[in-house]
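Structure below; questions to follow.
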Amino acid sequence: MTEASPDAPLDSVHITDVGPRDGLQNEQGVIPLDSKVKLVEALAAAGLTEIEIGSFVRPDVIPQLADSADLFTSIDRRPGVLYTALVPNQRGLDRALEVAVDKVAVFTSASEGFAQANVNGSIADTIDRFRPVLLGAHAAGRKVRGYVSCVIACPYDGPTDHARVRAVCEQLLELGVDEIDLGDTIGVAKPADIDRLLGGLEGLLEPGEIVLHLHDTSGTAVACAERALQLGVRRFDASCGGLGGCPFAPGSPGNLATEALLDLCERMGFQTGVSRAAVAEASRAICSILGVEPRGTG
Ligand code: MG
């Protein structure tokens, strides 16, 4: 991959805070609804314009997110902010639309081992389940994000072949997803892996078209985000306070912390429109309830 021209104008980076969904889903303990409402409202007030706050899987599967519908109906919505949720299938979409979810996400994997373990089917099965979701979401005027997990490596299958990532992205684009979010689910990427990942998508997706979802399991998330920014990626997921551990490496850091990404963007001269201090305050509040230390705030 070649680096973006240094003469390019300073531009902005879009951050989706996934703390209220991806973060809390992977923390021990269930947070009371009113604390989740405060967290989501604080993140929107901090300037985040896209926040993933729920998941419409079966409530017994993820108890931490069983109140997703209540959360959507309880928050005070800030104009211009997208409040998003995962939906696994048609039933999930119906429940999401009932509470006016702004944008939905479907999820598959670049590795068969992870798809079988995490979404209970083959990659092809997941794609089949997406068809009615795409149709229904678009008919309701909602955009659809397509998550691809394990784009660098899989806890079951080992390193992921970039041709597999490309093939899954091609299928998602054919289905009509509006954006593709590539996840280093187990947090093993090094900066050179970002070059290889984006290089494998050349001619299909430009760096500026994808969303990157990094995990800090190996302490390399910020270095990978920096490399991605150099290569032209402008859309990232991050989690306030680094919420969300790694189920495959207990005790390890989870998602790239929003605060750490904001620091990086500031250092590199990118605008985000987000107040780092306000995010850090929201992180401190939720982390004190969870009994964990916020990450990325040092
Ligand atoms: Mg994550």
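Quick note: the coordinates plus some simple rules give every number you see, no bench work behind them. Just so you know, these numbers come straight off a predicted model, no measurement behind them. For neighbour counting, all protein chains shown are included, and Cβ atoms are generated from backbone atoms with ideal geometry for every residue, glycine included.
In a Debye calculation with equal point scatterers on the alpha-carbon sites of region 170-223 and no solvent, what is log10 I(q)/I(0) at q = 0.21 Å⁻¹?
Debye intensities relative to I(0), on a log10 scale: -0.81.
Over the residues of the chain, compute the C-alpha Rg and express it relative to 2.2 N^0.38 Å.
0.92
Counting residues in region 80-193 as N, plug N into 2.2 N^0.38 Å and put the Cα Rg over that result.
Its radius of gyration relative to the 2.2 N^0.38 Å reference: 1.07.
Sticking with this structure for a sec: Straight-line reach from Lys38: which aspartates and glutamates fall under 15 Å, measuring Cα to Cα and dropping same-chain residues less than 8 apart?
Candidates past the 8-residue exclusion: Asp17, Glu52, Asp67, Asp70, Asp76, Glu281.
Can you show me the helix-derived [θ] at 222 nm for the chain, built from DSSP H runs with n ≥ 4 at -39,500 (n - 2.57) apiece and divided by the number of residues, rounded to the nearest 500.
Using -39500 (n - 2.57) per qualifying helix, the result is -11500 deg cm²/dmol.
Using the crude model of +1 on Lys and Arg Cβ and -1 on Asp and Glu Cβ, and no other charge, please compute the dipole size for the chain relative to its Cα centre, in debye to 20.
Working: 25 positive and 41 negative charges, 82 e Å.
Using only the charged Cβ atoms, the result is roughly 400 debye.
Next question, about the same structure. If packing is taken as the average number of other Cβ atoms within 10 Å across a peptide's residues, how do 190-201, 45-56 rank, most packed first?
Listed from highest to lowest mean packing, they are 45-56, 190-201.
Among Arg295, Arg77, Arg267, Arg21, which comes first, second and so on when ranked by fewest other beta-carbon atoms within 10 Å?
The most exposed by this proxy come first: Arg267, Arg77, Arg295, Arg21.
Using Cα positions and a limit of under 25 Å, work out the lysines in reach of Lys36, with same-chain residues fewer than 8 apart set aside.
Qualifying lysines at Cα under 25 Å: Lys103, Lys143.
Sort out for me the Cα centre separation of region 151-212 from region 43-78, rounded to whole Å.
26 Å
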